[in-house]
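Quick notes on the structure that follows.
The values are calculated or read from the model by the stated rules, or taken from the named source; none is laboratory data. Note that the structure is a prediction, hence the values are computed from the model and not measured. We place every Cβ from the backbone using ideal geometry, glycine too, and count neighbours over all the protein chains shown. Areas reflect the complete protein model, heavy atoms only, side chains present, ligands, DNA and RNA absent. Shrake-Rupley method; radii C 1.70, N 1.55, O 1.52, S 1.80 Å.
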Amino acid sequence: MRIGELARRTGVSPRALRHYEQAGLITSARADNGYRAYGEGAVARVSNIRYLLDAGLTLDDVSAFRSCLDGDVASAPPSARGLEIARERLAVIDARIAAQTAARDRLAASLAGAQPWAQAGAGSSTESGAPFGSR
(Lines give C-alpha, C1' and ligand atoms only; values in the text may rest on other atoms or scores of the structure.)
Protein backbone atom coordinates (compact mmCIF):
# COMPACT_ATOMS: atom_id res chain seq x y z
CA MET A 1 0.00 0.00 0.00
CA ARG A 2 1.14 3.54 -0.65
CA ILE A 3 1.76 6.12 2.02
CA GLY A 4 -1.60 7.85 1.51
CA GLU A 5 -3.53 4.64 2.13
CA LEU A 6 -1.46 3.84 5.22
CA ALA A 7 -2.12 7.36 6.47
CA ARG A 8 -5.88 6.97 5.92
CA ARG A 9 -6.02 3.58 7.60
CA THR A 10 -4.03 4.64 10.66
CA GLY A 11 -5.09 8.28 11.02
CA VAL A 12 -1.43 9.33 10.90
CA SER A 13 -0.19 11.99 8.50
CA PRO A 14 2.14 11.02 5.65
CA ARG A 15 4.71 13.40 7.16
CA ALA A 16 4.59 11.49 10.48
CA LEU A 17 4.91 8.18 8.61
CA ARG A 18 8.03 9.44 6.86
CA HIS A 19 9.34 10.56 10.26
CA TYR A 20 8.71 7.08 11.73
CA GLU A 21 10.51 5.58 8.77
CA GLN A 22 13.47 7.92 9.20
CA ALA A 23 13.59 6.87 12.88
CA GLY A 24 13.72 3.23 11.80
CA LEU A 25 10.36 2.31 13.30
CA ILE A 26 8.71 1.34 10.01
CA THR A 27 10.10 0.28 6.67
CA SER A 28 8.95 0.51 3.09
CA ALA A 29 10.07 -0.73 -0.26
CA ARG A 30 10.29 1.53 -3.27
CA ALA A 31 8.06 0.82 -6.22
CA ASP A 32 9.38 1.25 -9.76
CA ASN A 33 7.89 4.73 -9.82
CA GLY A 34 9.78 5.67 -6.61
CA TYR A 35 6.71 5.67 -4.35
CA ARG A 36 6.96 4.09 -0.93
CA ALA A 37 5.18 0.74 -0.65
CA TYR A 38 4.23 -0.58 2.79
CA GLY A 39 3.20 -4.10 3.71
CA GLU A 40 -0.09 -4.89 5.43
CA GLY A 41 1.75 -5.29 8.75
CA ALA A 42 2.57 -1.60 8.74
CA VAL A 43 -0.98 -0.81 9.86
CA ALA A 44 -0.55 -2.67 13.17
CA ARG A 45 2.98 -1.36 13.58
CA VAL A 46 1.91 2.28 13.13
CA SER A 47 -1.07 1.75 15.45
CA ASN A 48 1.29 0.44 18.12
CA ILE A 49 3.65 3.37 17.63
CA ARG A 50 0.72 5.75 18.07
CA TYR A 51 -0.44 3.85 21.17
CA LEU A 52 2.98 4.28 22.79
CA LEU A 53 3.32 7.92 21.74
CA ASP A 54 -0.18 8.68 23.03
CA ALA A 55 0.83 7.08 26.34
CA GLY A 56 3.49 9.79 26.68
CA LEU A 57 6.56 8.05 25.31
CA THR A 58 8.92 9.73 22.86
CA LEU A 59 10.07 8.29 19.54
CA ASP A 60 13.37 7.44 21.20
CA ASP A 61 11.46 5.56 23.89
CA VAL A 62 9.37 3.76 21.26
CA SER A 63 12.51 2.59 19.48
CA ALA A 64 13.24 0.34 22.47
CA PHE A 65 10.04 -1.55 21.58
CA ARG A 66 10.97 -2.19 17.92
CA SER A 67 10.97 -5.96 18.35
CA CYS A 68 7.37 -6.07 19.59
CA LEU A 69 5.71 -3.36 17.48
CA ASP A 70 4.18 -5.94 15.15
CA GLY A 71 2.18 -7.62 17.94
CA ASP A 72 -0.53 -6.35 20.26
CA VAL A 73 1.49 -3.95 22.41
CA ALA A 74 -1.52 -2.83 24.44
CA SER A 75 -2.28 -6.29 25.82
CA ALA A 76 1.22 -7.78 25.96
CA PRO A 77 2.85 -8.12 29.36
CA PRO A 78 5.44 -5.35 29.80
CA SER A 79 9.13 -6.17 29.78
CA ALA A 80 11.47 -4.98 32.52
CA ARG A 81 12.95 -2.45 30.07
CA GLY A 82 9.47 -1.30 29.06
CA LEU A 83 8.55 -0.69 32.70
CA GLU A 84 11.80 1.20 33.25
CA ILE A 85 11.13 3.45 30.26
CA ALA A 86 7.55 4.07 31.40
CA ARG A 87 8.70 4.99 34.92
CA GLU A 88 11.34 7.37 33.55
CA ARG A 89 8.82 9.03 31.24
CA LEU A 90 6.28 9.31 34.08
CA ALA A 91 8.90 11.07 36.23
CA VAL A 92 9.55 13.55 33.41
CA ILE A 93 5.83 14.20 32.97
CA ASP A 94 5.36 14.63 36.74
CA ALA A 95 8.22 17.16 36.82
CA ARG A 96 6.65 19.10 33.93
CA ILE A 97 3.27 19.11 35.67
CA ALA A 98 4.90 20.37 38.89
CA ALA A 99 6.69 23.15 36.99
CA GLN A 100 3.49 24.17 35.19
CA THR A 101 1.52 24.09 38.45
CA ALA A 102 4.12 26.34 40.09
CA ALA A 103 3.96 28.75 37.14
CA ARG A 104 0.16 28.72 37.30
CA ASP A 105 0.23 29.45 41.04
CA ARG A 106 2.63 32.37 40.53
CA LEU A 107 0.41 33.80 37.80
CA ALA A 108 -2.72 33.35 39.92
CA ALA A 109 -1.02 35.10 42.85
CA SER A 110 0.04 37.96 40.59
CA LEU A 111 -3.49 38.33 39.28
CA ALA A 112 -4.94 38.20 42.79
CA GLY A 113 -2.53 40.95 43.85
CA ALA A 114 -3.53 43.02 40.83
CA GLN A 115 -7.27 42.81 41.55
CA PRO A 116 -7.41 45.75 44.00
CA TRP A 117 -5.60 47.92 41.46
CA ALA A 118 -7.96 46.98 38.68
CA GLN A 119 -11.06 47.43 40.83
CA ALA A 120 -9.95 50.81 42.17
CA GLY A 121 -9.21 52.07 38.68
CA ALA A 122 -5.62 52.80 39.64
CA GLY A 123 -4.56 52.43 36.02
CA SER A 124 -3.85 49.63 33.64
CA SER A 125 -0.73 47.53 33.74
CA THR A 126 0.52 49.31 30.65
CA GLU A 127 0.26 52.67 32.41
CA SER A 128 2.22 51.50 35.45
CA GLY A 129 4.80 49.68 33.38
CA ALA A 130 4.45 46.42 35.34
CA PRO A 131 2.48 43.48 33.95
CA PHE A 132 0.30 43.07 37.07
CA GLY A 133 1.00 46.19 39.07
CA SER A 134 4.02 46.74 41.29
CA ARG A 135 5.96 43.88 42.81
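Taking only Cα atoms of region 1-48, what ratio of Rg to Rh do you get with Rh as the Kirkwood inverse-distance radius? Intermediate results must be reported in sequence, preceding the final value.
On the way: Rg = 9.6 Å, Rh = 10.5 Å.
Here the Rg-to-Rh quotient is 0.91.
What's the carbon and sulfur percent of the chain's accessible surface, probe 1.4 angstrom, rounded to a whole number?
Answer for the chain is 54 percent, counting heavy atoms of protein chains only.
Per residue, how many Å² of accessible area does the chain show with a 1.4 Å probe?
Values: 9010 Å² over 135 residues.
With all protein chains present, the chain gives 67 Å² per residue.
Sort 103-115, 6-18, 38-50 by the packing proxy (mean of other Cβ within 10 Å over each peptide's residues), most packed first.
Highest to lowest by the protection proxy: 38-50, 6-18, 103-115.
Over the chain, what relative contact order in percent results from Cα pairs under 8 Å that are six or more residues apart? All intermediate terms of the calculation are to be shown ahead of the outcome.
Details: 88 pairs, mean separation 21.2, N = 135.
In percent, rounded to a whole number, it is 16.
If you compute Rg/Rh (Cα atoms, Kirkwood Rh) for the structure shown, which of (i) 0.95; (ii) 1.28; (iii) 1.17 do you land on?
Entry (ii).
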